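Following: one structure in structure tokens, then a few remarks.
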Amino acid sequence: MYSGFFNSLNSQYQNVFEPYVKYNQLIAKNFNDLTNLQLDSARTYAEIGLAQVNANSQIKDPQSLMACGSKQLETMTRLSQQMIEDGKKLSNLATEFKAELEKLVAESVPQTK
């Protein structure tokens, strides 16, 4: 007797809350992607820094000091390239998130004619 009523009510609730669920899933995915990007970047920068510390600890004479100085220039180039790459990755994540959010809004807003 009440089965039809409850099925109808359940269907209506699903229609109402579906956009919220999709929004939460989108936010969680974006948070996960951003966290992974930050962890990867932190790991890379830590490796670069540790390599510099190890290289600097090997300085024993003027020749090794000169070699370390030229190595630092290479490291600075690598570091700037890594920062540019990380910026591009972040920009791509933001663009993807914006596109998905706009798609979600377009799907959720009733079409008016």
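The values are calculated or read from the model by the stated rules, or taken from the named source; none is laboratory data. Predicted model only: the values in this text are computed from it and were never measured. Note: ideal-geometry Cβ built from the backbone for every residue, glycine included; neighbour counts use all protein chains shown.
Taking the numbered list (1) assigned to a helix (DSSP H, G or I); (2) free of Cβ contacts under 8 Å to residues at least 12 places away in the same chain; (3) surrounded by 10 or more Cβ atoms within 10 Å (Cβ to Cβ) in turn, Ser41 passes all entries but (2). Pick from segment 1-47 the residues that are small (Gly, Ala, Ser) and more than 12 Å from the chain's Cα centre (by Cα): which of them is farthest from Lys103 (Cα to Cα)? My answer is Ala46. Looking at Ala55, is it part of a helix (DSSP H, G or I), under 21 Å from the mean Cα position of the chain (by Cα) and small (Gly, Ala, Ser)? Against the criterion (part of a helix (DSSP H, G or I), under 21 Å from the mean Cα position of the chain (by Cα) and small (Gly, Ala, Ser)), Ala55 does not qualify. Scan segment 58-113 for residues that are more than 30 Å from the chain's Cα centre (by Cα) and of a type outside the set (D, E, K, R) and report the count. Counting residues in segment 58-113 that are more than 30 Å from the chain's Cα centre (by Cα) and of a type outside the set (D, E, K, R) gives 14. With the requirement that a residue be modelled with pLDDT under 90, among the polar types (S, T, N, Q) and closer than 30 Å to Glu18 by Cβ, what does segment 54-112 give you? Scanning segment 54-112 gives Ser108, Gln111, Thr112. Close contacts from segment 75-89, counting a first residue that is more than 13 Å from Gly49 (Cα to Cα) and in contact (Cβ under 8 Å) with a residue 24 or more places away in the chain and a second that is surrounded by 12 or more Cβ atoms within 10 Å (Cβ to Cβ) and of a type outside the set (Ser, Thr, Tyr), with Cβ to Cβ under 6 Å and a gap of 6+ residues or different chains, come to Lys89/Leu37. Residue under question is Tyr23, and the condition is that it be aromatic (Phe, Trp, Tyr), more than 28 Å from Pro110 (Cα to Cα) and at pLDDT 90 or above; does it hold? No: the conditions fail for Tyr23.
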